[in-house]
Every structure is written in C-alpha cells, then in structure tokens.
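Note sheet for the following structure.
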Number of protein chains: 2
Amino acid sequence: MSERGRPRSFDRAAALRRAMEVFWAKGYEGASLSDLTAAMGINSPSLYAAFGSKEALFLEATDLYTRSEGTDIWSTLEQAPTARLAIEGFLTETAKAYSQIDRPQGCLIALGALHQDSTQGLICQDLRRRRAENQTALERRLGRAVAEGELPADFDCQAAATFFATVQHGMSIQARDGATHAALMATASGAMAAWTTMAGVRPRDKRKAL
Amino acid sequence: MSERGRPRSFDRAAALRRAMEVFWAKGYEGASLSDLTAAMGINSPSLYAAFGSKEALFLEATDLYTRSEGTDIWSTLEQAPTARLAIEGFLTETAKAYSQIDRPQGCLIALGALHQDSTQGLICQDLRRRRAENQTALERRLGRAVAEGELPADFDCQAAATFFATVQHGMSIQARDGATHAALMATASGAMAAWTTMAGVRPRDKRKAL
DNA sequence: GTATTTATGTATCGATCGTTACATAAAGGA
DNA sequence: TCCTTTATGTAACGATCGATACATAAATAC
C-alpha cells in the first residue's frame with residue numbers, strides 16, 4: 001500500500017527527535033528551518049514532505065516530548081500511594097528532569113512559545129492546552145485524595161493544583177538560568193513545606209520539609 | 001551645548017515607554033523593528049539615531065521597566081516591618097502587577113528572552129543578571145530577619161529565596177496563560193503556606209495561610 | 001546672510017525567514 | 001520495459017528581518 005515510490009532515505013522518528021531537541025532548546029520562533037534541517041540531517045523539501053510545515057513539525061515534536069520526556073513526572077503523580085508522596089514525587093522528578101546535563105534545561109511545554117499571540121497562534125494554543133491538562137492532572141490527583149479521606153473535605157484542590165503547577169513553571173525558568181539539581185530541589189522542598197501547611201498537618205516535630 | 005542641530009521631533013521618554021510595552025508583550029526576538037517603530041510613532045532612522053540599535057533599545061527599555069513597573073513589589077519587600085509581611089507583600093504585589101488588565105501579563109524580566117544563547121546573548125545575560133539581583137534582594141531581606149531574631153539562626157535564606165523567586169517566575173507564565181488575579185493569589189497563598197512551615201511556626205490554629 | 005550640526009522621511013541594503021518549483025533518482029505496478 | 005509514484009538535491013521564491021545611504025529640513029554659530 002504505502003510501499004510505492006522512492007523510499008525515504010532517513011529515519012523519520014529519529015529526525016523528529018532531533019527536531020524536538022532543537023525546539024526544546026530554542027523555542028518555536030527561535031528555531032529556524034536552517035537549525036532544524038541541520039540537526040535533522042535533511043534538506044527542507046524532505047522536511048516539508050515528511051512533516052508538512054514548521055508548525056506541524058512543532059506539534060508532532062511536542063507530542064513526542066509529552067510521550068517521551070515527561071513520563072516519570074506524571075507516572076509518579078498517578079502511582080504514588082498517597083497524595084503527599086505524589087506531589088513530592090512530582091516535584092522531585094521535575095527537579096531531576098529539568099537539570100539533566102545532556103538535555104536542554106527546563107520544559108518545552110512551559111517555554112516553547114510564550115510570546116505568540118495567544119488567541120491566534122496555533123502553537124501557543126496547543127502548549128497552553130497541555131499546560132492546562134497538566135494542572136488538571138494535579139487537581140484530579142488531589143481530588144482523589146480528598147475522596148479517599150487522605151485530605152480534609154474542605155481542601156482546596158484547585159488552588160493547590162494552581163500553586164504546584166506554577167512552581168513547576170517557575171522551575172523551568174530557574175533551570176534556564178543554569179540552576180543545579182540542588183537548587184531545583186530547594187524549590188521542591190519549599191513547595192513541600194507548603195504542603196505541610198495546606199494539608200493541615202499538626203507537626204509534632206516542628207520542621208519536616210520534604 | 002546639546003542644542004545644536006535640528007531638534008528631535010518626538011518625545012524620547014514617551015517613545016522608550018512604548019518600546020518597553022512592545023518588548024514586554026512580545027519579547028526581544030518577537031518584537032520586530034516594524035512593531036517598535038509603529039508603536040513609537042517614528043521611522044527606523046530616528047530610532048537608531050536616538051537609541052543606537054535594537055539591543056541598546058531593549059536594554060534601556062528593561063531599565064525603564066525595572067524603575068517604573070516593579071517598584072511596588074520591591075519597596076514592599078524592603079519596607080514591611082517583618083519578613084513574613086515582606087514576603088507576603090512581595091507575593092501579593094506580584095499577583096497584582098502580573099494581572100493588570102491594561103498591561104502585558106507577566107514580567108518582562110522573566111519572559112523577555114528565554115531562548116537566546118545564554119553564554120553569548122547580551123540581552124539574555126542582562127535579564128539573567130536582573131533575575132539574580134531580585135533573588136539576592138529576597139535573600140538579603142530574609143538574612144536581615146535572621147539577624148534581627150525574627151527567624152531562627154538556622155533558617156536557610158538562600159533556599160527560601162530560591163523558592164520564592166521561582167514561584168514569582170512561575171506566576172509570569174501563569175499570567176501569560178490568562179490567570180486572573182484570584183488565580184495568582186491562590187499561588188501566593190500557597191507560597192505563604194510554605195512560609196508557615198519554613199519559619200518554624202508552631203500553629204496554634206491549624207491553618208492560617210496568608 | 002553662510003556654514004555647521006543634527007533629525008527626518010524615503011527608499012533600500014544584504015541576510016535570513018519559511019516555503020516551494022523543478023528536474024532527477026529510486027522504488028513498485030503493468 | 002515503460003509508467004506511475006514518491007523522495008531527494010539544487011536553487012530560488014516573496015516576505016521580512018535589522019540596519020543604513022542619502023537628500024532634505026530645521027535648528028545654532030559665525
């Protein structure tokens with residue numbers, strides 16, 4: 001069926017991964033076609049034949065990013081036995097992921113396109129949707145903890161999810177500024193200090209942050 | 001002395017303010033010369049004669065931004081009678097500043113140039129320096145509180161400053177996503193919940209966040 | 001007055017942006 | 001073998017990027 005015509009001479013998946021890394025490092029507007037084709041090892045007509053356009057390539061790249069780079073963060077959030085461990089794991093995995101030395105620092109979803117016209121730009125809309133989904137995932141996990149009795153019924157899941165999502169966004173900028181893993185963990189610890197108060201824990205020992 | 005030659009036909013300070021707003025809304029790379037000259041009401045030769053280059057204009061614009069837009073945030077930090085009120089005011093003023101409806105959302109210093117090559121780009125270096133200065137201001141305020149006995153001697157000022165600075169950076173992205181003042185205040189409250197734990201307060205009433 | 005100095009508007013510079021025509025190469029179908 | 005189909009490399013498209021050359025306008029100095 002699809003075996004007609006001259007076969008593609010490059011690995012589409014590998015090229016997409018290279019494109020993802022370029023977008024990750026430079027953002028959507030900062031990544032030029034020259035940057036992309038150079039990293040992907042192909043010429044622009046091949047890029048357009050395989051991916052359609054720069055926009056479409058970015059959308060595929062962010063999808064790959066979501067499927068391949070954020071997994072530890074979100075699987076920890078879902079699978080941790082308690083909400084506290086879920087949030088702690090979420091923050092710890094974020095600190096780890098954002099300070100990998102062999103990768104661009106910070107998060108593609110958070111930093112990829114901050115300056116496009118949000119109401120018009122397709123790219124900006126897509127990233128914003130993904131950020132909203134992430135915050136919703138946090139809120140759902142907290143809601144589950146309320147339902148399970150781990151958190152008090154009057155716990156404000158939405159406010160807490162907003163707070164932790166915002167901390168994660170800030171960690172992207174912090175990472176871009178060259179923050180070490182330890183510095184990111186300082187932020188994670190700070191956020192967990194908030195948990196202690198928010199969850200209404202009466203501390204027997206006066207300080208037990210993270 | 002400087003009254004020789006044809007006088008400038010536009011208000012340099014007003015034009016700089018317009019340029020600042022464009023950079024604030026679109027970022028350094030996202031703001032084109034066309035955008036700038038249109039907003040400033042001048043032609044490009046006038047821009048270059050008055051400001052030198054796009055880079056120099058941006059640096060002047062960020063300086064104006066620092067002097068004119070961030071004042072409430074940082075004066076509150078310095079002048080509040082206690083560190084707790086200082087941090088609370090810092091966060092509250094940030095939430096207010098980042099959600100002004102008649103202005104670009106978020107912070108120019110935080111969002112202005114996230115994707116330039118950090119080691120090379122002059123713009124990126126300047127913004128990074130300003131972000132570092134802001135974090136240092138937080139750390140100094142906390143250190144003062146330790147010296148005054150408000151905070152315990154083993155209080156980790158650097159870690160706390162990192163945390164609160166990161167929260168503020170995250171609020172810029174949150175604001176860019178259209179967060180309301182209330183949503184930003186939810187984040188501020190979360191950060192103050194962290195304060196309660198970090199400062200080692202033994203809460204008599206179990207919850208008193210912000 | 002004339003000379004000098006600075007600013008403005010027009011028009012354009014070379015470089016780069018994202019994108020595509022076009023001829024050729026390499027595969028399967030007949 | 002010839003036709004169709006798809007991919008590749010070269011080369012270039014129009015648009016826009018940041019930045020300027022140049023002639024003219026408007027001020028002061030003499």
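The values are calculated or read from the model by the stated rules, or taken from the named source; none is laboratory data. Just so you know, these numbers come straight off a predicted model, no measurement behind them. Please note: Cβ atoms are built from the backbone with ideal geometry, for glycine as well, and neighbour counts cover all protein chains shown.
So here's what we get for this one:
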| item | result |
| --- | --- |
| Matching entry among A:193, A:160 (being surrounded by 23 or more Cβ atoms within 10 Å (Cβ to Cβ) and out of contact with any Leu (no Cβ under 7 Å at 6 or more places or on another chain)) | A:193 |
| Filter result for residue B:131 (closer than 20 Å to residue B:78 by Cβ, out of contact with any Phe, Trp or Tyr (no Cβ under 9 Å at 6 or more places or on another chain), among the basic types (Lys, Arg) and within 11 Å of chain A (Cβ to nearest Cβ)) | yes |
| Test: residue in the range B:117-127 that is within 10 Å of chain A (Cβ to nearest Cβ) and part of a helix (DSSP H, G or I) | yes |
| Residue in the range B:141-152 that is out of contact with any Ser or Thr (no Cβ under 6 Å at 6 or more places or on another chain), buried (at least 18 other Cβ atoms within 10 Å of the Cβ), under 18 Å from residue A:193 (Cα atoms) and within 10 Å of chain A (Cβ to nearest Cβ) present | no |
| Candidate set from the range B:1-46 (those that are within 14 Å of chain A (Cβ to nearest Cβ) and not in a helix (DSSP H, G or I)); member that is nearest to DNA strand D (Cβ to nearest atom) | B:32 |
| In the range A:55-89, the residues that are without any contact (Cβ under 8 Å) to a residue 24 or more places away in the chain, of a type outside the set (S, T, N, Q) and within 22 Å of residue A:20 (Cβ to Cβ) | A:56, A:63, A:67 |
| Which numbered condition residue A:150 fails, given (1) of a type in the set (D, E, K, R); (2) out of contact with any Phe, Trp or Tyr (no Cβ under 9 Å at 6 or more places or on another chain); (3) assigned to a helix (DSSP H, G or I); (4) touching a residue at least 40 places away in the same chain (Cβ under 8 Å) | (3) |
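Rundown of residues vs (1) at pLDDT below 95; (2) loosely packed, with under 12 Cβ neighbours inside 10 Å, yes/no style:
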site	(1), (2)
B:1	yes, yes
B:6	no, yes
B:14	no, yes
B:33	no, no
B:38	no, no
B:45	no, yes
B:50	no, no
B:55	no, no
B:64	no, no
